[in-house]
Every structure is written in C-alpha cells, then in structure tokens.
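Structure first, commentary second.
Since every read-out is calculated from the coordinates, none of them should be taken as a lab result. Small disclaimer: the values here were computed from a predicted structure and weren't measured. Cβ sites come from the backbone with ideal geometry, for glycine too, and all protein chains shown count toward neighbours.
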Amino acid sequence: MAWHPFNKYCWDFWFAWHEGVLHVFYLQADRLVCAYNADRRHNEASIGHAVMTPYGWQELDPDRPALSHSEDGWDSLAIWTGSIIAHDGLNYLVYSARKRGDRLIEQPYERRLPQNIGIATSIDLQHWTRTPASETAPVIPNPGTDSKFDGINWRDPYVIRDEVDGQFYAFITTHLQGEGANSNAAIAFATSPDLTNWKSDYGILWATQEFYLAEVPQVFWRKFGDYWRLYLVFSPHWSPFFAQKTQVGVTFYVRSQPIDRTTASYSAIPWEDEPANLLSDGLFAGKIIDPETAEHPAFFGFQKEDPGGHFVGGISDPHWITFDAGDRMFLSRTHPTFPYLAATSNAASSLPTSNSQPA
C-alpha cells in the first residue's frame with residue numbers, strides 16, 4: 001500500500017542517508033489549498049520530509065515544509081524536484097523552481113515559465129538555508145532560448161560526485177531546440193568542484209528521439225567483474241499539447257556499454273544501441289536506494305493515475321532490482337533472497353541499512 005502524507009498531494013521524491021537513518025524528501029501540496037484539484041499542485045509545491053521507522057514512513061513537522069518558495073526571489077512561485085548530496089559536513093539540496101511573474105516562453109509545443117536551479121544546505125537534514133548565491137539568483141541558471149536547449153525545461157537535478165575526477169555533476173531534465181513533439185528529450189549536466197561554483201558550459205549526457213522529456217533522472221555507476229556500466233533511470237513525459245504514445249506513469253532506464261570508468265567522459269558515454277528499457281510499467285519517478293553497492297537495491301515510485309485517470313501519488317512499497325547476466329535490470333515485488341520480507345506489512349524491515357554518507 002502506498003504511503004501518503006495526511007491531507008496532501010505527494011509526488012516526486014528523493015532519498016538521503018543521515019546517521020544510518022533513511023530520509024525521503026518529496027514534493028507536496030495541501031489538498032485544500034488546491035481545492036482538491038490535483039492539477040493545481042504544481043503551483044503550490046513545497047518540499048516535505050519523512051524518515052523510515054520500524055513502522056514505515058513518519059512525516060516530520062507536517063506544518064513546516066523542509067523548503068518552500070521565497071517571497072520575491074527567482075524561486076517565488078513553487079519549489080520543484082531536486083536531490084541531496086553530503087559533502088564536508090553539510091547536506092546540499094539542489095532543487096528546481098520557478099519565479100512568479102516571469103515571462104512565459106513560447107516553444108512549438110509548450111508555453112510555460114522557465115525553470116531554474118538553486119541550492120540550500122543543512123547540517124541535520126531538518127533545517128535548511130539557501131546558500132548566499134541562491135538567495136539572489138539561480139546557481140545553475142536556465143541557459144535560455146539562445147542555447148541548444150528550449151529555455152523552459154531545466155529541472156530535476158540529480159547530483160553525484162565522480163570518484164575519478166572528484167567533480168560534482170548535476171544531471172538535469174531538459175529538451176533540445178527543434179520541432180520535436182515526440183522527441184528531443186535530453187539529460188544535460190553542469191559541473192562544479194565544490195557544489196558552490198558551477199560552470200556554465202553545460203554538456204549533454206544523453207539525448208533521444210524516443211521521448212519529449214526524460215524526467216526525474218537518477219544516474220549511477222555499477223561494477224560488473226572488471227568493467228563498469230553507467231545507468232540512467234528516468235520517467236518519460238510528453239508535451240501537454242500532444243497525444244501520449246506510451247502508457248502514463250512508467251519508469252525506464254538506459255545503460256552504457258561495458259566501460260573503463262577511469263577513462264569515461266560524461267559527454268561521450270558509449271550507450272548501448274538499444275531502445276530505452278522499461279523498468280516499471282506502473283510506477284512513475286522511480287528512485288533506487290544504494291544502486292552502486294546493494295546486491296538487490298530497493299526501488300520506489302508512485303502511481304501517477306488510477307484506472308479512472310485520477311492522480312494518485314504517494315510513495316510505493318519497495319520493489320527489488322535484480323541484474324541479469326547481461327546487466328539488465330528487472331523489478332520484483334518480493335526480495336530475491338528473502339521473499340517473505342516484501343510480503344510483510346512492515347516495509348522498513350525489508351530495506352537496506354547504511355551508516356555511510358556520500359563524499
């Protein structure tokens with residue numbers, strides 16, 4: 001049974017470990033404020049916070065968001081999806097947002113406000129403060145319509161630190177310029193040596209003609225024997241003005257060819273020559289816990305719509321990932337080693353534990 005914070009819509013989410021406890025952060029919007037119309041949630045979004053307990057998820061401070069929009073800054077309309085990474089004793093929340101009163105950007109299949117990316121920090125994951133730079137401007141600004149990107153879609157940053165070059169990489173959902181009602185999805189990336197100063201020469205990790213957008217990305221390396229593969233997990237999204245060509249609320253992934261990680265460049269990853277792989281046909285915005293190290297990582301998502309087309313949201317029960325002999329990923333509702341765990345009502349008992357923090 002999916003978990004839902006009381007009286008709130010809940011959708012995109014991301015995880016963080018702190019002192020051995022699993023935390024989840026998620027987009028939320030008050031149902032009453034939205035007049036019980038889920039379509040209004042995007043302009044009312046803030047970030048909620050819960051922790052995993054022996055009895056399941058426990059929402060922390062329901063009346064105080066972890067982060068909400070500013071009064072008159074670049075992020076004054078609503079806070080959107082982000083990710084968290086720990087570095088030098090601080091937790092960095094890299095998030096996307098929009099500005100109230102910004103000019104709508106016209107594109108062939110969209111007319112929307114531009115999205116930008118900023119950063120907040122916290123010692124304990126509970127008290128967040130925008131960095132001085134984010135108080136006045138986005139830290140990873142939208143490159144605009146004069147670039148190869150569409151000037152609108154610039155969101156869902158997923159941040160990792162590369163073990164080889166020590167740089168931080170923010171992988172960003174975007175759309176390339178062009179007449180692509182069903183195509184031109186891309187994952188861009190920005191780089192930083194310290195999570196504070198970000199370079200403006202954005203690269204492209206992956207682009208495709210299969211989808212209009214590849215939302216809520218997660219990027220990770222995994223080692224198999226003497227080689228590595230890079231995985232990109234995402235959920236496809238179509239232009240709101242064009243008919244869907246795939247089912248609603250699914251999660252896909254792509255994978256690199258076997259690669260020597262020490263010589264890899266994120267702008268020239270040799271992806272497998274195959275269509276994107278369907279990972280979950282019923283859960284959207286899937287996120288994987290400890291995908292680089294866990295034998296069978298836990299996967300969570302949310303149901304986007306019920307059979308009647310109504311928004312559902314929440315956070316699913318865990319599913320479990322298995323890698324086959326060809327390094328493809330498959331999901332199971334039961335743990336491959338301990339099948340009884342996923343069948344119990346205590347979801348927490350079947351989750352991995354960690355006492356580590358990212359560098």
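Think of the chain as a dipole: +1 on every Lys or Arg Cβ, -1 on every Asp or Glu Cβ, centred on the Cα centre; then among Leu232, His310, Thr173, His310 lies furthest on the positive end. Spin-label model, Glu295 to Asp88: label points 7 Å out along the Cα-to-beta-carbon direction sit 3.8 nm apart. Overall, region 72-350 carries a charge dipole of about 460 debye about its Cα centre when +1 sits on the Cβ of Lys and Arg and -1 on the Cβ of Asp and Glu, all other atoms neutral. Between Arg40 and Gln209, what's the calculated FRET efficiency when r is the beta-carbon distance and R0 is 35 Å? Round to 0.05. Efficiency for this residue pair is about 0.60.
Summing Cβ point charges (Lys, Arg +1; Asp, Glu -1) relative to the Cα centre of region 118-200 gives a dipole of roughly 120 debye.
A Cα-only calculation for region 72-350 places Rg and Dmax at 18.8, 55 Å.
Note on Ser267 and Val51: with the Förster distance fixed at 25 Å, the Cβ-Cβ geometry gives a FRET efficiency of about 0.10. Among the listed pairs Lys223/Lys287; Lys8/Lys287; Lys199/Lys223; Lys148/Lys199; Lys8/Lys199; Lys148/Lys223, those with a Cα-Cα distance over 27 Å are Lys199/Lys223; Lys8/Lys199; Lys148/Lys223.
By the count of neighbouring beta-carbon atoms within 10 Å, fewest first, Thr263, Thr337 end up ordered Thr263, Thr337.
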